Amino acid sequence: AKAQGRNTYRFFTDAMSAEAQRHLSLERRLRHALEHERFVLHYQPQVDIASGRIVGCEALLRWNDPDEGLVPPGRFIPFAEESGLIVPIGEWALHSACLQARRWADAGLPPLQVSVNLSARQLWQAELPDRIAAILKATGLPPQALDLELTESMIMGHEAQAVERLGQLRSMGLRLAIDDFGTGYSSLSYLKNLPIEVLKIDQSFVRNIPQDRNDMEIAGGIIALARKLNLAVTAEGVETAAQLDFLAGQGCDSYQGYLFSRPLPAAEFEKLLSR
Ligand code: C2E
Ligand code: CA
Ligand code: CA
Ligand code: CA
């Protein structure tokens with residue numbers, strides 16, 4: 001029994017070290033990618049439902065790996081969060097998105113909000129407001145043009161700190177959006193205590209419209225709540241005209257989704273803008 005126990009233990013440590021090695025090499029590759037600017041942002045249009053115009057875009061990160069090609073964020077962001085590398089990677093994304101938005105404005109394209117996703121590590125980084133202020137100064141983007149997307153789970157259990165931190169960001173002139181709204185199981189009370197401007201309805205509530213009555217009730221309910229609280233509401237993952245019709249009928253302000261466009265490289269997004 002003892003020998004068997006030892007074997008099990010050996011097996012376990014071997015498995016651990018394989019996992020640890022995989023992480024170490026991923027960490028090395030991500031650091032390398034950061035140093036050599038191997039990340040790119042794609043931009044997905046955000047469309048105003050009433051006018052049909054592009055009023056903003058969400059910047060979405062991809063890793064351009066020489067071996068694997070464009071790696072989607074789902075495959076490296078969880079690890080980047082765990083290792084803390086999300087802080088410098090996220091800062092690169094913020095800088096890059098602000099610079100791009102400033103260039104589009106300089107080129108005379110219609111005014112545009114740019115939305116950037118923030119991770120928990122970034123939100124709670126003491127220097128975040130200073131870092132953002134430096135990026136806005138360096139790029140010349142007015143703070144009003146930048147939206148930061150946060151999730152409910154980042155705030156859950158830290159409501160007092162969130163009041164302070166989001167207040168700092170809001171007082172700089174930025175707009176704050178709650179991403180994946182409805183998936184965080186949080187109490188709704190934070191909505192009245194925090195300086196939030198936008199709710200983004202998670203795509204899981206949009207996907208099965210109009211087949212799923214419950215999802216329609218939830219999406220409709222979120223829109224009604226947003227309107228009562230005087231928040232703007234954006235729907236994500238809109239893929240069909242039937243989904244858009246339903247959301248429009250409920251009073252949703254704007255949407256993103258494959259129905260209008262997938263996230264695009266900057267040059268292609270620009271073509272869409274100047275149409
Ligand atoms: P998210 O913020 O919820 O972004 C929306 C995701 O839905 C994007 O996936 C987008 O490509 C996808 N999408 C857009 N329209 C449709 C549609 O009509 N149908 C479907 N099925 N999907 C659609 P993506 O680009 O793979 O990003 C995944 C997640 O990675 C994002 O989810 C966000 O949480 C995270 N992420 C992306 N960029 C960054 C970043 O710069 N920083 C951080 N911290 N996270 C990021
Ligand atoms: Ca987002
Ligand atoms: Ca989302
Ligand atoms: Ca999501």
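The values are calculated or read from the model by the stated rules, or taken from the named source; none is laboratory data. As the structure is a computational prediction, the values presented were derived from the model and not from experiment. Cβ: placed from backbone, ideal geometry, glycine included. Neighbour counts: every protein chain shown. Side chains included, ligands, DNA and RNA excluded: accessible areas come from the protein's heavy atoms. Shrake-Rupley method; radii C 1.70, N 1.55, O 1.52, S 1.80 Å.
Given the conditions (1) touching a helix residue (DSSP H, G or I) at 6+ places or on another chain (Cβ under 9 Å); (2) closer than 25 Å to Lys137 by Cα; (3) more than 16 Å from ligand 3 (Cβ to nearest atom), which single one is not true for Leu176?
Here Leu176 meets the rest and fails (3).
Pull up the stretch 179-198, narrow it to residues that are more than 15 Å from ligand 3 (Cβ to nearest atom) and surrounded by 17 or more Cβ atoms within 10 Å (Cβ to Cβ), then point me to the one that is nearest to Thr234 (Cα to Cα).
Out of the qualifying residues, it is Leu191.
Considering only residues of the stretch 219-232 that are away from ligand 4 (no atom under 16 Å from the Cβ) and aliphatic (A, V, I, L, M), which is surrounded by the most Cβ atoms within 10 Å (Cβ to Cβ)?
Ranking the candidates gives Ala226 first.
Filter the stretch 101-119 down to the residues that are in contact with a strand residue (DSSP E or B) (Cβ under 8 Å, 6 or more places away or on another chain), modelled with pLDDT of 95 or more and of a type outside the set (S, T, N, Q), then identify the one that is farthest from ligand 1 (Cβ to nearest atom).
Leu112
Give the residues of the stretch 233-250 that are of a type in the set (Asp, Glu) and more than 16 Å from ligand 4 (Cβ to nearest atom), sorted by residue number.
Asp245
Of all residues in the stretch 82-105, how many are in contact with a helix residue (DSSP H, G or I) (Cβ under 6 Å, 6 or more places away or on another chain) and within 16 Å of ligand 3 (Cβ to nearest atom)?
1
Among the residues of the stretch 134-150, which ones are assigned to a helix (DSSP H, G or I) and open to solvent by less than 70 Å² (accessible area, probe 1.4 Å)? Outline the logic, then answer.
Of the residues in the stretch 134-150, the ones assigned to a helix (DSSP H, G or I) are 134-139, 143-145.
Within the stretch 134-150, Ala134, Ile135, Leu136, Thr139, Pro143, Ala145 meet the criteria.
Residues being part of a helix (DSSP H, G or I), open to solvent by 40 Å² or more (accessible area, probe 1.4 Å) and more than 16 Å from ligand 3 (Cβ to nearest atom): count how many of those fall in the stretch 151-164.
Counting residues in the stretch 151-164 that are part of a helix (DSSP H, G or I), open to solvent by 40 Å² or more (accessible area, probe 1.4 Å) and more than 16 Å from ligand 3 (Cβ to nearest atom) gives 5.
Got a sec? Which of Thr151, Thr139, Thr234, Thr240 is closer than 28 Å to Trp104 by Cβ and over 20 Å from the mean Cα position of the chain (by Cα)?
So the residue among Thr151, Thr139, Thr234, Thr240 that is closer than 28 Å to Trp104 by Cβ and over 20 Å from the mean Cα position of the chain (by Cα) is Thr139.
If you check Asp67 against the conditions, is it away from ligand 4 (no atom under 16 Å from the Cβ) and modelled with pLDDT of 95 or more? Write out each step before concluding.
On the way: away from ligand 4 (no atom under 16 Å from the Cβ): yes; modelled with pLDDT of 95 or more: no.
No.
Using the structure shown, decide if Arg131 is open to solvent by 50 Å² or more (accessible area, probe 1.4 Å), of a type outside the set (Gly, Ala, Ser) and over 21 Å from Pro263 (Cα atoms).
Details: open to solvent by 50 Å² or more (accessible area, probe 1.4 Å): yes; of a type outside the set (Gly, Ala, Ser): yes; over 21 Å from Pro263 (Cα atoms): yes.
For Arg131, the condition - open to solvent by 50 Å² or more (accessible area, probe 1.4 Å), of a type outside the set (Gly, Ala, Ser) and over 21 Å from Pro263 (Cα atoms) - is met.
From the list Val116, Val71, pick out the single residue that is within 15 Å of ligand 2 (Cβ to nearest atom) and open to solvent by less than 10 Å² (accessible area, probe 1.4 Å).
Val116
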